[in-house]
Amino acid sequence: MSRTWRTADVVEARFETATARTLALQFPEPVSSIGGQHVDIRLTAPDGYTAVRSYSVAGTLPPTGLEITVEELEDGEVSPYLVRDLTVGDQVEMRGPVGGWFVWQPSDTSPVQLIGGGSGVVPLMAMVRSHRAAGSTAPMQLLYSVRGPSSIIYRGELEKLEASSPPLPVEYVYTREAPAGEPVGRLSPATLMPRILPPEADPAVFICGATGFVEAVAAWLVDAGYTEGRIKTERYGGTGDGS
Amino acid sequence: MGIISSGFRGRRNKDQPGLPPGQYLTESFPVLSAGPTPRIDTAEWEFQLTTEAGQKHSWSWDDFQNLPQEEFTVDIHCVTSWSKFGTRWKGVSMDTFFQDVDTSHPYTMFSSYGGYTTNLPMEDILNGKAWIVHQFDGEDLQPAHGGPARLLVPHLYFWKSAKWVRGLRMMDRNDPGFWETNGYNLHGDPWLEERYW
Amino acid sequence: MSLGLDDGLAGGTGAEADGQDCLDGNALAGPLSEFSAGDLTVAEGRCENCGMTGVLATTRVYAHAPGMTARCRGCGSVLLRLTEAGGRTVLDLRGLSYLSIQRD
Ligand SMILES: Cc1cc2nc3c(=O)[nH]c(=O)nc-3n(C[C@H](O)[C@H](O)[C@H](O)COP(=O)(O)OP(=O)(O)OC[C@H]3O[C@@H](n4cnc5c(N)ncnc54)[C@H](O)[C@@H]3O)c2cc1C
Ligand SMILES: [Zn+2]
């Protein structure tokens, strides 16, 4: 019998956008996580049917808690339940946090470029939070591709980080709908390159989002001369919403 | 068993007559695959049957199209829990391929472009139980769904219906294929819920 | 298929051309933790078919299937198959000539 699955209590649930919700989970024992890791969540229906999905850890609540943020996929099996139905006091089973590759270690002092699309911002936020918590001086900035202002997850916290000292540089790319004065349009090498750390800075790059997003961005960066070995990716699945 | 989420039902619509145990009904046609979708030009396509004596029977795309075609409507059942009712296909019965084949081996291993394999007993592919199909719902079969041609064995779980099929060889033992070596049932009858080892 | 995640890319993507989605080897970390308390996705593996080496986390994983299949980024051949079916985790490593990991 393996003992990898643990039971967590849902202790808080809050909407980040109309369709994304953060769940705070508490465990009977200490839990720790490095920024970028994920957990597997397992749900069991009354008839015994189970479904497992992966979710990035958004942040930790030391010593025994962590948070995840789930974006609802309308026709999905698990995400609508996590976003709409699960309530404080419920329990879920969890495996992890796991993953030792797509992680940012606070001991790394080299520049970091984070690039997220949609809910792909979640593990990048965990990196930002651990960067702050550690008081790291490594240059770190975020490029965040969103449909519009109303789909920005962690909006308030990102605004505070941008205004803090030292500020966290955040660049938004609005793909459907932009605030007044901001351009709206699809992400392309031309819109991306001027807004991220240049190849000469040789940043560690973390890219996360829908599979199509991650593949396109990673290929553009390699073409633009970024070191392939410095680029780490986390594909969430999906061919990407091209519409 | 772990803790139960009483409100969690999955995407399942289970109280439908005609559903095997543990299955739910879907209207969509999920794409399942263990690898990238191969693009196969029908000009290059070939289907080959290899007997225990090493005899090879081959069909080009044109040969295949000139065989007697059957159109039929069946329900399909995927081991990942979805079932789809009334899927309409066009293709050639496995009986037709075996007409001039001399074999006494009771098992087969099907293989696909892209390297997938699945094992099937002869009794599950003859007598109108299996086809090589090239049309779904009146249209040429999409590459994502196994086009230009896939095996269809609707009375077994859908992993047996190998996409991008390219041939089969006769076996005297029921050796396991791609998923059958790794936790999935050697046979796969959805009505008996033969899902796993 | 759309994951409902924001994509908003100009032009087509590799995944669209491919007609389906895959994940990074990172996604194997949970099921692999059933075998080892240490993280196996950072282990370096050698493709038995083409000889390319790389960490498991960087392989391509196809998960919309009865199990997960990790494929070589060089030649596309199957490195590893993993199923979590019927209360059992099964790991097939036939496509790898070795896995190596840095000790502390
Ligand atoms: C490492 C990792 C970390 C992740 N982190 C997060 C996170 O932090 N936040 C977040 O919101 N999401 C995250 N995801 C995505 C998450 O795991 C789920 O994929 C997502 O929540 C959708 O699950 P679902 O059950 O709602 O949808 P599903 O029911 O799985 O459906 C997903 C889509 O696939 C289609 N589909 C369903 N089954 C099949 C099939 N068999 N074949 C083909 N298509 C099918 C559906 O029609 C739908 O469009 C992460 C994924 C990974 C791999
Ligand atoms: Zn290889």
Complete set of residues in the range A:131-151 that are touching a residue at least 40 places away in the same chain (Cβ under 8 Å) and surrounded by 21 or more Cβ atoms within 10 Å (Cβ to Cβ): A:His131, A:Leu143, A:Ser145, A:Ser151
Please enumerate the residues belonging to the range A:172-227 that are in contact (Cβ under 8 Å) with a residue 60 or more places away in the chain and of a type outside the set (A, V, I, L, M, F, W, C). A:Asp202, A:Pro203, A:Gly209
Is it true that B:Val74 is surrounded by fewer than 18 Cβ atoms within 10 Å (Cβ to Cβ) and closer than 14 Å to B:Leu152 by Cβ? yes
Report yes if some residue within the range A:66-73 is away from chain C (no Cβ under 14 Å), farther than 22 Å from C:Glu34 by Cα and either within 12 Å of ligand 1 (Cβ to nearest atom) or not hydroxyl-bearing (Ser, Thr, Tyr) (or both); otherwise report no. yes
If we take the range B:21-103, then strands (runs of 3 or more DSSP E) inside it with 1 or more residues that are under 19 Å from the mean Cα position of the chain (by Cα) and more than 21 Å from B:Trp164 (Cβ to Cβ) are B:70-77, B:82-93
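Looking only at the range B:171-190, count every residue that is away from chain C (no Cβ under 12 Å) and surrounded by fewer than 22 Cβ atoms within 10 Å (Cβ to Cβ) and tell me the total.
8
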Residues to consider are A:Val70, A:Val103, A:Val57; find the one that is closer than 25 Å to A:Pro149 by Cβ, surrounded by 20 or more Cβ atoms within 10 Å (Cβ to Cβ) and either at pLDDT below 95 or within 18 Å of the chain's Cα centre (by Cα) (or both). A:Val70
Using beta carbons and a limit of 9 Å, which pairs, at least six apart or on different chains, have the first residue in the range C:85-104 and closer than 19 Å to A:Tyr49 by Cα and the second one among the small types (Gly, Ala, Ser) and away from ligand 1 (no atom under 16 Å from the Cβ)? C:Ala85/B:Gly183; C:Gly86/B:Gly183; C:Arg88/B:Gly183; C:Thr89/A:Ser2; C:Thr89/B:Gly183
Would you check which residues across the range C:19-59 are within 11 Å of ligand 2 (Cβ to nearest atom) and either crowded, with 19+ Cβ neighbours inside 10 Å or within 9 Å of chain A (Cβ to nearest Cβ) (or both) and list them? C:Gly45, C:Cys47, C:Thr59
Are any residues in the range C:57-104 touching a Ser or Thr at 6+ places or on another chain (Cβ under 7 Å), in a loop (DSSP other than H, G, I, E, B) and within 16 Å of ligand 1 (Cβ to nearest atom), and if so, which ones? C:His64, C:Ala65, C:Pro66, C:Gly67
Could you tell me whether the range C:82-91 includes any residue that is modelled with pLDDT of 95 or more, open to solvent by 30 Å² or more (accessible area, probe 1.4 Å) and within 16 Å of ligand 2 (Cβ to nearest atom)? no
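Out of the residues in the range A:110-125 meeting the condition of being away from chain C (no Cβ under 14 Å) and buried (at least 21 other Cβ atoms within 10 Å of the Cβ), tell me which one is nearest to the chain's Cα centre (by Cα).
A:Met125
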Evaluate the following for A:Ser107: is it among the hydroxyl-bearing types (Ser, Thr, Tyr) and within 14 Å of chain C (Cβ to nearest Cβ)? no
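The values are calculated or read from the model by the stated rules, or taken from the named source; none is laboratory data. Just so we're clear, the structure is a prediction, and the values are computed from it rather than from any experiment. Positions of Cβ are generated from backbone atoms using ideal geometry, with glycine treated the same way; all protein chains shown enter the neighbour counts. Protein only, heavy atoms only, side chains kept; ligands, DNA and RNA dropped before computing areas. Shrake-Rupley method; radii C 1.70, N 1.55, O 1.52, S 1.80 Å.
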